[in-house]
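These notes concern the structure reproduced below.
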Amino acid sequence: MTLTFPHQLDRVRDAVLVQEAKLRRVADWYASAIEAGGLIHVYANGHSRIAVEEMIVRMGALTGFHPLLAPGLATFDGVIGMRGIRINQYMERYEGVGAQILAEYEIGPSDVFLVLSATGTTPAAVDFALAVQRRYPEHALVVLACEQQARRAASKHSSGQNLSHVVDAASKAVFLDNAMPYGDLSTEIQGQTGRYLVCPLSSIGALTVVQSLNELTVRELDRRGVAHHVLRNMHLDNTVDNYDQWLLDQRRRYARTLHQPELEGGNAPSSS
């Protein structure tokens, strides 16, 4: 019996490195948003919320990332019952939630949107990306998903689109591939009791892309001469000062999403 799954990490590494030019473009958008005191607004549903948590509150995390996680779409840790997977999957097919999420916030002019989806086909993720394009067509939109599946699989959204279609039609957008194979499951086991497909790669790929963007964003901010808040390892020595400063910067940035003075007087875009 031979362990084979760790070799799949080579696939992730190669897929991320080949996208370096696109990653640098996104890091430039991130750096501009952060430098302007703004935010990168991160949407996900289902298991893709793992990558959101990696960005928001994590050792090594940058300030400036704002989660858009609706509990009904991103919380199914109960497996069954009111926090179960059946309800979550039903909610993923319900359209119109994306516009309602955006209606809760006032987005700054330099802000960026990031949409995470394993497959690139989940109706809720497509719905949110379409809502972003309707309401904020000039803002940068980044999609992190499986490009192969988003381009080949049938759409589940009433618009007939997957996330690849939304990116193609946008004026300022990038599609980043999460390196997963079509169908996500990367390892085949031919056993005496049957054939099994196991070991999804989408989460590992997404986390690798997220951390690659963290590195490139800090490098770009530093190149511009912009100092930034990065959360230190809170389990080593005394990091209270860093923790407090990091939270203060987050608090100031988050406050702007609830009140943008320049949008007063009826200038805010409608939620429709």
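The values are calculated or read from the model by the stated rules, or taken from the named source; none is laboratory data. Model, not experiment: these values are computed from the prediction. Using ideal geometry, Cβ is built from the backbone for each residue, glycine included, and neighbour counts are taken over all protein chains shown. With ligands, DNA and RNA removed, areas are computed over all heavy atoms of the protein, side chains included. Shrake-Rupley method; radii C 1.70, N 1.55, O 1.52, S 1.80 Å.
For the range 51-71, which positions are at pLDDT 90 or above, under 13 Å from HIS41 (Cα atoms) and assigned to a loop (DSSP other than H, G, I, E, B)?
Those that are at pLDDT 90 or above, under 13 Å from HIS41 (Cα atoms) and assigned to a loop (DSSP other than H, G, I, E, B): THR63, GLY64.
Taking the range 134-144 only, how many residues are buried (at least 21 other Cβ atoms within 10 Å of the Cβ) and free of Cβ contacts under 8 Å to residues at least 40 places away in the same chain?
3
Against the condition under 17 Å from TYR43 (Cα atoms), buried (at least 24 other Cβ atoms within 10 Å of the Cβ) and touching a helix residue (DSSP H, G or I) at 6+ places or on another chain (Cβ under 6 Å), how does ALA179 come out, does it pass?
Spelling it out, it is not the case that ALA179 is under 17 Å from TYR43 (Cα atoms), buried (at least 24 other Cβ atoms within 10 Å of the Cβ) and touching a helix residue (DSSP H, G or I) at 6+ places or on another chain (Cβ under 6 Å).
So which of GLY78, GLY60 is open to solvent by less than 60 Å² (accessible area, probe 1.4 Å), in contact with a strand residue (DSSP E or B) (Cβ under 8 Å, 6 or more places away or on another chain), free of Cβ contacts under 8 Å to residues at least 12 places away in the same chain and not β-branched (Val, Ile, Thr)?
It is GLY78.
Take LEU221 and decide whether it is open to solvent by less than 40 Å² (accessible area, probe 1.4 Å), more than 20 Å from the chain's Cα centre (by Cα) and farther than 13 Å from GLY60 by Cα.
Spelling it out, LEU221 is indeed open to solvent by less than 40 Å² (accessible area, probe 1.4 Å), more than 20 Å from the chain's Cα centre (by Cα) and farther than 13 Å from GLY60 by Cα.
Could you list, ordered by first residue, the pairs with Cβ atoms under 6 Å in which the first is in the range 16-36 and assigned to a loop (DSSP other than H, G, I, E, B) and the second is surrounded by 15 or more Cβ atoms within 10 Å (Cβ to Cβ), at least 6 apart or interchain?
Pairs that qualify, where the first residue is assigned to a loop (DSSP other than H, G, I, E, B) and the partner is surrounded by 15 or more Cβ atoms within 10 Å (Cβ to Cβ), are ALA36/SER110.
Taking the criterion of being outside any loop (DSSP other than H, G, I, E, B), touching a strand residue (DSSP E or B) at 6+ places or on another chain (Cβ under 9 Å) and modelled with pLDDT under 95, would at least one residue in the range 205-225 satisfy it?
Looking through the range 205-225, none of the residues is outside any loop (DSSP other than H, G, I, E, B), touching a strand residue (DSSP E or B) at 6+ places or on another chain (Cβ under 9 Å) and modelled with pLDDT under 95.
Can you give me the number of residues within the range 152-171 that are surrounded by fewer than 16 Cβ atoms within 10 Å (Cβ to Cβ) and either in contact with a Phe, Trp or Tyr (Cβ under 9 Å, 6 or more places away or on another chain) or in a strand (DSSP E or B) (or both)?
Summing the residues that are surrounded by fewer than 16 Cβ atoms within 10 Å (Cβ to Cβ) and either in contact with a Phe, Trp or Tyr (Cβ under 9 Å, 6 or more places away or on another chain) or in a strand (DSSP E or B) (or both) in the range 152-171 gives 2.
Got at least one residue in the range 179-186 being in contact with an Asp or Glu (Cβ under 9 Å, 6 or more places away or on another chain) and either more than 20 Å from ARG49 (Cα to Cα) or not β-branched (Val, Ile, Thr) (or both)?
Yes, because at least one residue in the range 179-186 is in contact with an Asp or Glu (Cβ under 9 Å, 6 or more places away or on another chain) and either more than 20 Å from ARG49 (Cα to Cα) or not β-branched (Val, Ile, Thr) (or both).
Conditions first: (1) surrounded by 11 or more Cβ atoms within 10 Å (Cβ to Cβ); (2) among the hydrophobic types (A, V, I, L, M, F, W, C); (3) not in a loop (DSSP other than H, G, I, E, B). VAL198 passes all but one, so which condition is the exception?
Of everything listed in (1) surrounded by 11 or more Cβ atoms within 10 Å (Cβ to Cβ); (2) among the hydrophobic types (A, V, I, L, M, F, W, C); (3) not in a loop (DSSP other than H, G, I, E, B), VAL198 misses just condition (1).
Name the residues in the range 100-130 that are in contact with a Leu (Cβ under 7 Å, 6 or more places away or on another chain), surrounded by fewer than 24 Cβ atoms within 10 Å (Cβ to Cβ) and hydrophobic (A, V, I, L, M, F, W, C), would you?
Residue satisfying the conditions is ILE101 alone.
Among the numbered criteria (1) farther than 18 Å from LEU102 by Cβ; (2) modelled with pLDDT of 95 or more, which one does ALA173 miss?
Looking at each condition in turn, ALA173 falls short on (1).
Looking at (1) assigned to a strand (DSSP E or B); (2) more than 25 Å from ALA154 (Cβ to Cβ), find the lone condition where VAL115 falls short.
Among (1) assigned to a strand (DSSP E or B); (2) more than 25 Å from ALA154 (Cβ to Cβ), VAL115 violates only (2).
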